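What follows is a single structure, written as structure tokens, with notes after it.
The values are calculated or read from the model by the stated rules, or taken from the named source; none is laboratory data. Predicted model, so just to flag it, every value in this text is computed and none were measured. Note that we place each Cβ from the backbone using ideal geometry, even for glycine, and neighbour counts take in every protein chain shown. Side chains are part of the model used for accessible areas, which takes the heavy atoms of the whole protein and leaves out ligands, DNA and RNA. Shrake-Rupley method; radii C 1.70, N 1.55, O 1.52, S 1.80 Å.
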Amino acid sequence: MSKYSIYTDQELTGLLQADDHDAFTEIYQRYWKKMLGIAWNHSKDTAVAKDLVHEVFLSLWERRGSVEIQSIGAFLATAVKFSVFKHYQREKHRADLAKENYEFADITHDEHKLDALFLQEYINGIVEEMPERCRLVFRYSRELGLKNNEIAEKIEISEKGVEANLTRALKIIRGELKNYGWSIVAVLHTIIALLK
């Protein structure tokens, strides 16, 4: 039995926010079964439930210093329910894209194209949320294929400014893809499939 097992949830939350890994472990051991039950009740899929609970706890650790938590149990339950909702929202969007864009003659080939299309839609959503100049630079560069000096001239900033905004845009995209579990290998694979 760990010495952390005697702490209240509030004490554990305070320790967690102070980067205490043992406090996080105790919270995980205290709540993972309950969270798995909630995820399963909403998804009816054991593999999906396990993945979503894992993601919620990983997110809790990564955001430990920036989240305000009144009740750790309520916080985790809400996060799990929201994750299930987001998961099925993504699945529904993916199915809608499939209906709109493909007749499945070659399932394997179409599955790769569908993944690529879904990824492209997801990246477009990320780009839409970027600050205006960052979004413009990214679109001019990636969608229109303009060179940095052409972009600089078009939006009246320096080439260094173009480079900085492009770097920022790519960093935002990488961060968002990482948050949703897209590995760089999967991203490259799906983009290549889209280009075929």
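Going by the structure shown, is residue 160 open to solvent by 70 Å² or more (accessible area, probe 1.4 Å), basic (Lys, Arg), modelled with pLDDT under 90 and on the phi < 0 side of the Ramachandran plot? When the stated conditions are applied, residue 160 does not pass them. Inspect all residues belonging to segment 133-149 and state whether any of them is open to solvent by 60 Å² or more (accessible area, probe 1.4 Å), outside any loop (DSSP other than H, G, I, E, B) and at pLDDT below 85. Yes, segment 133-149 has at least one match. When we screen 12, 58, 16 for residues that are out of contact with any Leu (no Cβ under 9 Å at 6 or more places or on another chain) and either surrounded by 14 or more Cβ atoms within 10 Å (Cβ to Cβ) or outside any helix (DSSP H, G or I) (or both), the only hit is 12.
Of all the residues in segment 66-89, those that are open to solvent by 60 Å² or more (accessible area, probe 1.4 Å), at pLDDT below 85 and charged (D, E, K, R) number 1.
For segment 44-55, the tally of residues that are open to solvent by 40 Å² or more (accessible area, probe 1.4 Å) and in contact (Cβ under 8 Å) with a residue 12 or more places away in the chain stands at 2.
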